[in-house]
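In what follows, a structure is listed as structure tokens, so that the remarks can point back to it.
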Amino acid sequence: MKINVEDIDSTRKKIRVSLSSDQVSEKRNSVFRDVMGGVSVKGFRKGKVPRHVVESMYGKEVDQETASNLVSETLSEVLAERSLLPVNRPDITEMDEVKVGEEFAYSAEFEVIPEFELSDYNSISVKKTVRNVTEEDIDAEIQKLRERSAQSKLIEDNRPAQEGDYVFVDYSGTFLTGETIDDLNRKNVRFLLGEEQFSPEFEENLLGKKTGEEVQFPVSYPEDFLIPDAAGKTVSFTIKINEIHERILPEADDDFAKDLQTESLSELRKSIREQLERLHEDGQLTLMREQVVDELLSKNQFDVPPSMLEKERESLKARFISDMRNRGSEDPEVGEQMTEKFTEKAAESVRTSIILGRIANQEDVKVTRGQINEHIDRLAATYNLPLDQVHKAYEQPGAIEGLESQVRTRRVLDILLEKAQVEEVQSDSAQIDNEQPA
């Protein structure tokens, strides 16, 4: 068997394989015997049809089957012999006809991860922000809890709406052309004034208004607005105020803490402090991992195999569309600009995966089933889901493999952080709120 490997570019290779006439004859005879055993021809017993008769009837099919078998049986052997790992299904670009007494050759093209020299990753510099949780931070969290537990009371004295009030409104929006869409028309929607839940124009026009009043005003939306039909356009809104409610916050005392399943206010404050410290530490770990990845990407530049890029880009696009659907929006139009962003992000993702995979091999990182189970347990706790339900979900085909990859990646990043040069930077606690989920 003769093998010739040619580089088409940094991510694509072409391999030419030539097989001897003896190997071709042996395989053709094997195929022919299988065919003869199942041929029925009038005047001959099954399996006893003369070869020349079978040749005349099925010779072409035998040659085609022989060629197919030779390719399928030798290609994987050839790739292993030359230590080639295609990242996509090899495409057979050329294939000879099988001829008795002659060699048989075929060519295949496929993509590979390009060769690159992995940079030193043993002392990557990262920064970690050190931030102390203050009493003001805890007070802010207590205030959020009070707001979440707030009750509302209908205002019956017809006073104007003010900051901190709930207003229940009907609104409708039309474009300058007179057209409208469902996303701009709602009934009995609740706004909390002063919280900037919607555009500033909404709050400006609702403050000071009374129950039963109706207001009109325009809103101009940016080009990247979440509702594609309204992006870059001006909408004229009409709002009718149905009701105004006063928001009543509970007192921050022991009774309030007990309603939150805590023994006392002091215990609640202690729990909040621990949670904020944990959230900050988790947030810093995430940021340090991102710094590690950024450093690896800057030090390891190489081309991304097109098939891997396309697969990741389509995955990002699908997740984006799914997120928009979950928010109640129609499928967004993915234009050229957005496609470029997906392509850029996909290239970074694929390159990161390749680099971390190479490091995992060098560090001999293994993932056990126990580690995977621990990860599933954490996912269940994070999303407050039944443990057995989450484990069952990951029993679906392909699910464990994907999770194994995630766990392996996390283990590699943790190893890199253990090796990293960490510089601690002190920061004021005023920024800690930025790390908390909304």
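How large, in percent, is the carbon and sulfur part of the accessible surface of the stretch 113-196 at a probe radius of 1.4 Å? Intermediate values should be presented prior to the final figure.
Working: 2080 of 5080 Å².
Using a 1.4 Å probe with all protein chains present, the stretch 113-196 comes out at 41 percent carbon and sulfur.
Kindly flag which residue pairs out of LYS13/LYS60; LYS27/LYS60; LYS144/LYS258 have an alpha-carbon separation exceeding 22 Å in this structure.
Over 22 Å apart, Cα to Cα: LYS13/LYS60.
Which whole-number percent gives the relative contact order of the chain, counting Cα pairs below 8 Å spaced six or more residues apart?
Values: 574 pairs, mean separation 79.5, N = 438.
About 18 percent, as a whole number.
Select from SER329, SER271, PRO397 the residue farthest towards the positive end of the dipole of the chain; place +1 on Cβ of Lys and Arg, -1 on Cβ of Asp and Glu, and compute about the Cα centre.
The residue sitting farthest along the positive end of the dipole is PRO397.
Which of these, ARG51, ARG190, ARG82, has the largest mean-square fluctuation under a Gaussian network model of the chain (Cα springs below 10 Å)?
Ranking ARG51, ARG190, ARG82 by mean-square fluctuation puts ARG51 first.
Want the number for TYR383 to ASP255: 0.36 nm per residue separation, take away the alpha-carbon distance, what's left?
Details: separation 128, 0.36 × 128 = 46.08 nm, distance 2.77 nm.
Computed gain between TYR383 and ASP255 is 43.3 nm.
Sorted by average packing, counted as other Cβ atoms within 10 angstrom per residue and highest first, what order do 397-403, 313-319 take? Walk me through the numbers before you get to the answer.
Details: 397-403: 10.7, 313-319: 13.9.
Ranked by mean Cβ neighbours within 10 Å, highest first: 313-319, 397-403.
Separation between the ASN29 and ASP170 pseudo-spin-labels, each 7 Å from Cα along Cα→Cβ, expressed in nm?
9.0
Hey, got a sec? Which chymotrypsin sites (Phe, Trp or Tyr not before Pro) in the stretch 279-383 land in a DSSP loop and have at most 15 other Cβ atoms within 10 Å? Please list the in-between numbers first.
Working: sites: PHE302, PHE320, PHE342, TYR383; in loops: PHE302, TYR383.
Here the chymotrypsin sites (Phe, Trp or Tyr not before Pro) that fit, given the DSSP loop and packing criteria, are PHE302, TYR383.
State in Å² the accessible area per residue of the stretch 181-231; use a 1.4 Å probe, count heavy atoms of protein chains only, and round to the nearest integer.
Working: 3190 Å² over 51 residues.
Result: 63 Å² of accessible area for each residue.
Taking LYS317 as the anchor, which lysines have their alpha carbon closer than 23 Å to its alpha carbon, excluding any fewer than eight residues away along the same chain?
LYS341, LYS345
Provide the FRET efficiency to the nearest 0.05 for the GLN301-GLU333 pair, computing r from the beta carbons and using R0 = 30 Å.
Calculated transfer efficiency: 0.35.
Which percent of the accessible heavy-atom area of the stretch 48-87 goes to carbon and sulfur, probe 1.4 angstrom?
Details: 1220 of 2410 Å².
Answer for the stretch 48-87 is 50 percent, counting heavy atoms of protein chains only.
Nearest 0.05, what FRET efficiency do ILE92 and GLN362 give at R0 = 35 Å with Cβ-Cβ as r? Please report the intermediate quantities before stating the final value.
Values: r = 34 Å, r/R0 = 0.97.
With a Förster radius of 35 Å, E is 0.55.
Got a sec? Charge dipole of the chain, +1 on Cβ for Lys and Arg, -1 for Asp and Glu; which of SER25, TYR221, VAL293 is way out at the positive end?
SER25
Just subtract the alpha-carbon distance of GLU156 and GLU246 from 0.36 nm times their residue separation and send over the number in nm, one decimal. Walk me through the numbers before you get to the answer.
Details: separation 90, 0.36 × 90 = 32.40 nm, distance 1.01 nm.
Length gained between GLU156 and GLU246: 31.4 nm.
Quick one: length gained pulling ARG369 to ALA105 fully straight, 0.36 nm per residue minus the C-alpha distance?
Additional length available on full extension: 90.6 nm.
As an exercise, identify the GluC sites (Glu not before Pro) in the stretch 106-161 lying in DSSP coil whose Cβ has no more than 13 other Cβ atoms within 10 Å. The partial results should precede the final answer.
Numbers: sites: GLU109, GLU111, GLU115, GLU117, GLU135, GLU136, GLU141, GLU147, GLU156; in loops: GLU115, GLU117, GLU156.
When the GluC sites (Glu not before Pro) of the stretch 106-161 are filtered for loop state and at most 13 Cβ neighbours within 10 Å, GLU115, GLU117, GLU156 remain.
With each pseudo-label sitting 7 Å past Cα toward Cβ, what's the GLU418-GLU314 distance in nm, one decimal?
Placing both labels 7 Å along Cα→Cβ, they lie 3.9 nm apart.
Modelled label-to-label distance, SER266 and SER83, 7 Å Cα→beta-carbon offset: nm?
6.7
In sequence order, what are the phi-derived ³J(HN,Hα) couplings for the stretch 390-401 according to the Karplus relation 6.51 cos²θ - 1.76 cosθ + 1.60 with θ = phi - 60°, rounded to whole Hz, with x for glycine and proline?
Each residue of the stretch 390-401 in turn: 5, 4, 5, 4, 7, 7, 5, x, x, 5, 5, 4 Hz.
Which FRET efficiency value, to the nearest 0.05, do you get for GLU395 and LYS210 by plugging their Cβ-Cβ distance into 1/(1 + (r/R0)^6) with R0 = 45 Å? The partial results should precede the final answer.
Values: r = 59 Å, r/R0 = 1.30.
Calculated transfer efficiency: 0.15.
The values are calculated or read from the model by the stated rules, or taken from the named source; none is laboratory data. Please read these numbers as outputs of a predicted model, since none were measured by experiment. Cβ sites come from the backbone with ideal geometry, for glycine too, and all protein chains shown count toward neighbours. Protein only, heavy atoms only, side chains kept; ligands, DNA and RNA dropped before computing areas. Shrake-Rupley method; radii C 1.70, N 1.55, O 1.52, S 1.80 Å.
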